[in-house]
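Asker: The structure is given below, and queries will be raised subsequently.
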Amino acid sequence: MVTTGGPSQSPDLARLLADHRPHGPVETADHERARRLLDVADAWNRGTFPLHFTASALIVHPPTRRVLLRWHVRQQAWLHVGGHGDPGETRPLDIALREGLEETGLTDLTPWPGPALVHLAVVPVPASPAEPAHQHADLRFLLATGTPELARPENPASPLEWLTVEEAGRRTTEENLRETLDRAARLLPPAWPTPA
């Protein structure tokens, strides 16, 4: 159920959406739906149906052009990190940074190449015993680490794996994540040569 009653979103969110330029008809439609959520009082609340905001990140190690994927038990898929805002959280980048730290243990995550939104995707979420099927308006960033070897899974059921962008594209089953990966690939510098 969608609750209304005026906007409760942070100015950061409105500015982030205003500054983002969607690519193609799918993201344009998703962007319009996300902008309408700005008028929903509890748009970050996971109990707001059928659509609410989430924030996520593709973690990258620019020198090697590798990205970090996480096995997502509920979705049964290799995905990037991210999730719901905690109560009172409304700043998307802060949510993505917190989720990245919680899910990988990486303490040096930083927005890369800057704090701009990289991709906005409305994604389906299957029903569970606790909630009906619904959708996430997922706000995606790139976060870089300089210590990829320190990544640790949040729990044994959610392993992490460093992959090249191309390997990650083959590993995931989600077309919307492949689009995020393509955007990351265009931003990442050429890989450093490996020592002989």
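The values are calculated or read from the model by the stated rules, or taken from the named source; none is laboratory data. Every value quoted in this text rests on a predicted model; they were computed, and no experiment measured them. FYI the Cβ positions are ideal-geometry reconstructions off the backbone, even for glycines, and counts take in every protein chain you see. Remember, those area values only see protein heavy atoms, side chains included, never the ligands or the DNA or RNA. Shrake-Rupley method; radii C 1.70, N 1.55, O 1.52, S 1.80 Å.
Asker: Hey, any hits in region 89-110 for a residue that's open to solvent by less than 70 Å² (accessible area, probe 1.4 Å) and at pLDDT below 95?
Answerer: Yes, region 89-110 contains a residue that is open to solvent by less than 70 Å² (accessible area, probe 1.4 Å) and at pLDDT below 95.
Asker: What are the residues in region 129-158 that are open to solvent by less than 50 Å² (accessible area, probe 1.4 Å), of a type outside the set (Lys, Arg) and either touching a Pro at 6+ places or on another chain (Cβ under 8 Å) or closer than 30 Å to LEU38 by Cα (or both), if any?
Answerer: Correct list: GLU131, HIS134, HIS136, ALA137, ASP138, LEU139, PHE141, LEU142, LEU143, ALA144.
Asker: Now for a separate question. Return a yes/no flag: does region 32-47 have any residue that is assigned to a loop (DSSP other than H, G, I, E, B) and among the acidic types (Asp, Glu).
Answerer: Checked against the condition, which is being assigned to a loop (DSSP other than H, G, I, E, B) and among the acidic types (Asp, Glu), region 32-47 yields at least one hit.
Asker: Filter region 68-101 for residues that are among the small types (Gly, Ala, Ser) and either under 20 Å from THR180 (Cα atoms) or more than 14 Å from the chain's Cα centre (by Cα) (or both) and give the result.
Answerer: ALA77, GLY82, GLY83, GLY88, ALA96, GLY100
Asker: Determine which single condition PRO22 fails, assuming it passes every other condition in (1) surrounded by fewer than 19 Cβ atoms within 10 Å (Cβ to Cβ); (2) outside any loop (DSSP other than H, G, I, E, B).
Answerer: (2)
Asker: Let me ask something else. Mind checking whether some residue in region 47-66 is open to solvent by 40 Å² or more (accessible area, probe 1.4 Å), hydroxyl-bearing (Ser, Thr, Tyr), at pLDDT 95 or above and closer than 29 Å to ASP108 by Cβ?
Answerer: Yes.
Asker: Just to be sure before I move on: is PRO129 free of Cβ contacts under 8 Å to residues at least 40 places away in the same chain, more than 15 Å from the chain's Cα centre (by Cα) and more than 22 Å from LEU109 (Cβ to Cβ) in the structure I sent?
Answerer: In short, yes.
Asker: Additional query: Return yes or no: is ALA34 modelled with pLDDT of 95 or more and aliphatic (A, V, I, L, M)?
Answerer: Here the answer is yes, as ALA34 does meet what is asked.
Asker: Taking GLU102 as the residue in question, decide whether it is under 14 Å from ALA55 (Cα atoms) and touching an Asp or Glu at 6+ places or on another chain (Cβ under 8 Å).
Answerer: yes
Asker: Say we look at region 159-180 and pick out the residues that are under 13 Å from VAL123 (Cβ atoms) and free of Cβ contacts under 8 Å to residues at least 60 places away in the same chain; which of these is least open to solvent (accessible area, probe 1.4 Å)?
Answerer: So the residue we want is ASN176.
Asker: Looking only at region 70-85, decide whether some residue is within 28 Å of ARG36 (Cα to Cα), surrounded by fewer than 18 Cβ atoms within 10 Å (Cβ to Cβ), touching a helix residue (DSSP H, G or I) at 6+ places or on another chain (Cβ under 8 Å) and among the charged types (D, E, K, R).
Answerer: No: zero hits.
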